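Here's the structure we're looking at; comments come further down.
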């Protein structure tokens, strides 16, 4: 994952670089964060500021790509982990399963229709 230390703020002819740690302290913060771009001069990819307890960070939203000549372009393909579940027979016999079913059935019947206590 690319780590940005600064971003390019660009709005209505005004352009300036700003450090990530200074972004939350900007006037009109809600509007300010909508005008952040990649700091590379060859790129105009939009960036999003994400707030965290530790301060925050910048990331590129999906659908916006860096230009090929951008220093922040990530050529690697991310590997998405895949979980594979393998069904393995347990160490319980058919008799054990039947016994557990009977016990649970009895407990359920006793719960729904409690037996009367003997006096």
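Any read-out appearing in this document is the output of simple, stated calculations on the displayed coordinates, not a laboratory observation. Computed from a predicted model, the values in this text were never measured in an experiment. Glycine gets a Cβ as well: all are built from the backbone with ideal geometry, and neighbour counts include every protein chain shown.
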Condition met for residue 72 (in contact (Cβ under 8 Å) with a residue 60 or more places away in the chain and either closer than 30 Å to residue 5 by Cβ or in contact with a strand residue (DSSP E or B) (Cβ under 7 Å, 6 or more places away or on another chain) (or both))
yes
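Residue 29 - would you say it is surrounded by 11 or more Cβ atoms within 10 Å (Cβ to Cβ) and without any contact (Cβ under 8 Å) to a residue 40 or more places away in the chain? Before the answer, list the steps.
Working: surrounded by 11 or more Cβ atoms within 10 Å (Cβ to Cβ): yes; without any contact (Cβ under 8 Å) to a residue 40 or more places away in the chain: yes.
Against the criterion (surrounded by 11 or more Cβ atoms within 10 Å (Cβ to Cβ) and without any contact (Cβ under 8 Å) to a residue 40 or more places away in the chain), residue 29 qualifies.
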